[in-house]
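Notes for the one structure printed next.
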Amino acid sequence: MTMTMTRTKMTMMTMRVEKMAGMAGRGRVPLFRRRICARCRRGVLDQHQRRRRPLSSVVRSGNDKFTEMTSDLYSYMVNLNDESPILGEISDYTTGLPAGHMKSSPEQVRLFALLLKMLRAQRAIEIGVFTGYSTVGIAQALPEDGVLYAFERDPEILKVAKGFCEKAGVAHKVQAIE
């Protein structure tokens, strides 16, 4: 037995559901009305299909307070504090791996370090160590008696991360958990 439904019935059902959920006329799309992407079998409103514009291209009214991110400002921000040589070495190593795209960006690690220092954090948690790029960056930002609990499920890659932590001199701050 197959069930067929006309477009009119579907629209009326949708309107009823929207009305019951208090969504009528608000521009929200119920989950069952989203189109399905042929590539990933997810709803069309998923992240990979949204078109994102860089912050500098967004047109804002004169009343909004923001700083446009120009390439000069970005370069200045990135060069405020240099990347340590060991982080550069880990980055080079990770880039050569098939899953090298999983490495945190230098900007993220610098932000983590800044936040840890501002909060005067004694402990931090990292879930998914991979090759240890962010692990070393976070551990360097922690005080000498600080602890980073680093969770990684792959014991082989955890050995690589531990090696980089020892080379960076932060192994005493990192408690690796499989």
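The values are calculated or read from the model by the stated rules, or taken from the named source; none is laboratory data. None of the values given here were measured: they were computed from a predicted structure. Reconstructed Cβ throughout: ideal geometry from the backbone, glycine too, with neighbour counts over all protein chains shown. The protein model used for the area step is the full one, side chains on, heavy atoms only, and it has no ligands, DNA or RNA in it. Shrake-Rupley method; radii C 1.70, N 1.55, O 1.52, S 1.80 Å.
Where only protein heavy atoms count, and the probe is 1.4 Å, what is the accessible area per residue for the stretch 67-111 in Å²?
Counting only protein heavy atoms, the per-residue value for the stretch 67-111 is 69 Å².
Within the full protein context, the accessible area of His101 is estimated at about 150 Å² for a probe radius of 1.4 Å. Give the shape of the stretch 103-154 as rounded, prolate or oblate, defined through the alpha-carbon gyration tensor: a ≥ b ≥ c are the square roots of its eigenvalues, a/c under 1.5 means rounded, and otherwise the shape is prolate if a/b is larger than b/c and oblate if not. Oblate shape, in that a/c is at least 1.5 and b/c is the bigger or equal ratio.
Projected label points at Leu119 and Met77, each 7 Å from Cα along the beta carbon direction, are separated by 2.0 nanometres. Note on Thr70 and Met102: the model spin-label points, each 7 Å out from Cα along the C-beta direction, lie 4.0 nm apart.
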